[in-house]
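Taking it in order: structure first as structure tokens, then the write-up.
The values are calculated or read from the model by the stated rules, or taken from the named source; none is laboratory data. These numbers come from a predicted model, not from an experiment. Here Cβ is always computed from backbone atoms with ideal geometry, including for glycine, and neighbour counts include all displayed protein chains. These area figures cover heavy atoms from the full protein model, side chains too; ligands, DNA and RNA do not enter into them. Shrake-Rupley method; radii C 1.70, N 1.55, O 1.52, S 1.80 Å.
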Amino acid sequence: MLNEIKKDAQSRMQKSIEALRTTLSKVRTGRATTALVDHLKVNYYGSDMPLTQVASVTVSDARSLTITPWEKPMVAAIEKAILGSDLGLTPNTAGTTIRINIPALTEERRKDLTKVVHSEGEDAKVAVRNIRRDANQQIKDLLKEKAITEDDERRTEDEIQKITDKAIKDIDEVIKEKEVELMAV
């Protein structure tokens with residue numbers, strides 16, 4: 001019973017860290033990565049499809065992406081999706097190939113993005129702490145039902161705290177990695 005609570009808390013905390021990594025992969029660093037356009041939806045014959053399902057996206061060099069639609073009529077729809085996104089990027093089209101050049105970031109923009117990274121990190125830490133609170137509440141409920149002893153309760157709460165500390169340390173490392181990536185010119 002207690003092991004299940006610990007395992008559940010640990011797996012939920014890991015999911016929070018992975019969600020943070022996914023979110024931060026979308027923060028533009030001035031270097032080209034296919035993660036920048038992964039979330040884009042393209043109108044494909046009346047339904048919205050992920051860009052990666054209607055075209056191949058490749059990194060051609062450090063500052064540009066190449067998008068090659070699988071069908072020629074999709075070029076205009078992909079351009080429209082890129083222009084309508086929050087990326088602030090302009091697609092250049094040559095035949096059926098779409099190139100996206102990623103401009104270098106200004107110092108001010110880098111600092112703004114660092115604030116965004118810290119904010120996302122804080123959100124992840126709050127999520128981890130909420131998971132800890134839920135797990136501790138489950139333990140207290142078991143104690144009330146006299147399903148466990150007070151010693152079991154204390155020991156398990158300490159173990160959950162250790163799991164929480166490790167998760168928060170991991171979140172700090174993810175934030176630090178992204179900061180270094182943002183500040184590299």
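General remarks:
- Here Leu113 meets each of (1) exposed (fewer than 14 other Cβ atoms within 10 Å of the Cβ); (2) assigned to a helix (DSSP H, G or I) with one exception, condition (1).
- Close pairs from the stretch 89-102: first in a strand (DSSP E or B), partner open to solvent by 70 Å² or more (accessible area, probe 1.4 Å) and of a type in the set (Val, Ile, Thr), Cβ under 9 Å, at least 6 apart: Ile100/Thr90; Asn101/Thr90
- Just one of the listed residues (Leu2, Leu24) is out of contact with any Ser or Thr (no Cβ under 7 Å at 6 or more places or on another chain) and either farther than 20 Å from Ile171 by Cβ or hydrophobic (A, V, I, L, M, F, W, C) (or both), and it is Leu24.
- Selection from the stretch 19-74 of residues that are part of a strand (DSSP E or B), open to solvent by 50 Å² or more (accessible area, probe 1.4 Å) and within 16 Å of Leu87 (Cα to Cα): Lys41
- Candidates Leu142, Leu182, filtered to the one that is farther than 25 Å from Leu24 by Cα, part of a helix (DSSP H, G or I) and open to solvent by less than 30 Å² (accessible area, probe 1.4 Å): Leu142
- Lys6 meets all of the listed conditions (1) open to solvent by 50 Å² or more (accessible area, probe 1.4 Å); (2) among the basic types (Lys, Arg); (3) under 30 Å from Gln161 (Cβ atoms) but one, namely (1).
- Flag if Glu108 is surrounded by fewer than 12 Cβ atoms within 10 Å (Cβ to Cβ), part of a helix (DSSP H, G or I), among the acidic types (Asp, Glu) and at pLDDT below 90: yes
- Looking at Asp158, Asp152, Asp170, just one residue is surrounded by fewer than 15 Cβ atoms within 10 Å (Cβ to Cβ) and part of a helix (DSSP H, G or I), and that residue is Asp158.
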